[in-house]
Structures are given as structure tokens and as C-alpha cells.
Amino acid sequence: QVQLVESGGGLVQAGGSLRLSCAASGVIFSIDVMGWYRQAPGKQRELVATVSSGGIPNYADSVKGRFTVSRDNAKNTVDLQMNSLKPEDTAVYYCNVRVSGRAWTKDYWGQGTQVTVSS
């Protein structure tokens, strides 16, 4: 039922920008946190940025000042504006949506979108 559709990945030169978007559908319960994670080859998946239902963002130290996460609660979408991209940002980026009912939570994941930053 729940589906996450991601878009916006691609190839960009260092210093460039990309905007990732994720739309969640089929969500019956309220969405707690929406955000983005990434995984580079040979590395563990890591948090990039999240935003709570109250609009409070959380960023990895490596992207602070360069990335901006935002959400539209009416549309159940979350975007990630990525500026001043570095080769170290190259990874598969995954959209994450955490939904909650009463006294429980569940995470849903997108299929991932490749972001490649050339030097």
C-alpha cells in the first residue's frame, strides 16, 4: 500500500546543485519524520537530513550549511536541496518515511536514487 516515489538524482560536477524529491502515498496514519539517508559503496548507510512533523530539521555534520530539507505535510512530500556538492556526496540516496499509529512506529523506504558528483 505505502509507496515512496523518488526523483531528482543524477550526475553533477563538484560545486553544483541537485534537488531530490520524495512523495509518499497510501499512508493511513500520521507521518512522524521524513528524510533522506545515503549509502556509498563500501560504507554504511548514514543519515543525511530529516525533518519532523513539527518542521524541525536534523542534518548530518557533513552536509550542514549545504543541504536543506523541507516537507509539505499536505502533499506528504519531502525534498532535499543539495548545494555545493562534493565528490564525497556520491551515494545512493534513500527516502525515509516514519509513520506512527498509537504507541507504534514503522519505517518505509524508497528504492533509492543515484547521486554522482564528479571532481
### Message
In Å², and per residue, what accessible area does the chain have when probed at 1.4 Å with the other protein chains present?
### Response
55
### Query
Magnitude of the Cβ-charge dipole of the chain, K/R +1 and D/E -1, about the Cα centre, nearest 20 debye?
100
### Message
In whole Hz and in residue order, list the ³J(HN,Hα) couplings for the range 79-91 that follow from phi through the Karplus curve 6.51 cos²θ - 1.76 cosθ + 1.60, θ = phi - 60°; x for Gly and Pro.
### Response
10, 9, 8, 10, 10, 6, 5, 10, x, 5, 7, 4, 4
### Among R71, R19, R102, residue whose mean-square fluctuation peaks in a GNM of the chain (springs only between Cα atoms under 10 Å)
R102
### Query
Gain in length, N73 to K106, computed as 0.36 nm per residue apart minus the alpha-carbon separation, to one decimal in nm?
10.1 nm
### Message
So if each residue of separation counts as 0.36 nm, and I subtract the Cα-Cα distance between R66 and K86, what length gain in nm does that give?
### Response
6.2 nm
### Message
Run the reach check for K106 against lysines, Cα to Cα strictly under 26 Å, same-chain hits fewer than 8 apart removed. What comes back?
### Response
K43, K75
### Query
How large is ³J(HN,Hα), in whole Hz, for each residue of the range 31-48 in order, when computed from phi with the Karplus curve 6.51 cos²θ - 1.76 cosθ + 1.60 and θ = phi - 60°, using x for Gly and Pro?
8, 7, 10, 10, x, 9, 10, 9, 9, 8, x, x, 10, 7, 4, 9, 5, 9
### Task
For the range 1-79, list log₁₀ I(q)/I(0) at each q in 0.12, 0.14, 0.16, 0.22 Å⁻¹, using the Debye formula over Cα point scatterers of equal strength and ignoring solvent, two decimals each.
-0.37, -0.51, -0.66, -1.17
### Query
Projected onto the charge dipole of the chain (+1 at Lys/Arg Cβ, -1 at Asp/Glu Cβ, origin at the Cα centre), which of V48, Q81, V2 gives the Cα projection farthest towards the positive end?
V2
### Query
For S17 and S53 in one chain, what is 0.36 nm times their gap in residues minus the Cα-Cα distance, to one decimal in nm?
10.4 nm
### Task
Report, to the nearest whole %, how much of the accessible area of the chain belongs to carbon and sulfur atoms, 1.4 Å probe, protein only.
47
### Note, ³J(HN,Hα) from phi for the range 105-119, Karplus 6.51, -1.76, 1.60, rounded to Hz, x at Gly and Pro
9, 8, 9, 10, 10, x, 7, x, 9, 7, 10, 10, 10, 8, 8
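The values are calculated or read from the model by the stated rules, or taken from the named source; none is laboratory data. What you see is a predicted model; the values in this text were computed from it and never measured. Using ideal geometry, Cβ is built from the backbone for each residue, glycine included, and neighbour counts are taken over all protein chains shown. Surface areas here come from the heavy atoms of the whole protein model, side chains and all, with no ligands, DNA or RNA. Shrake-Rupley method; radii C 1.70, N 1.55, O 1.52, S 1.80 Å.
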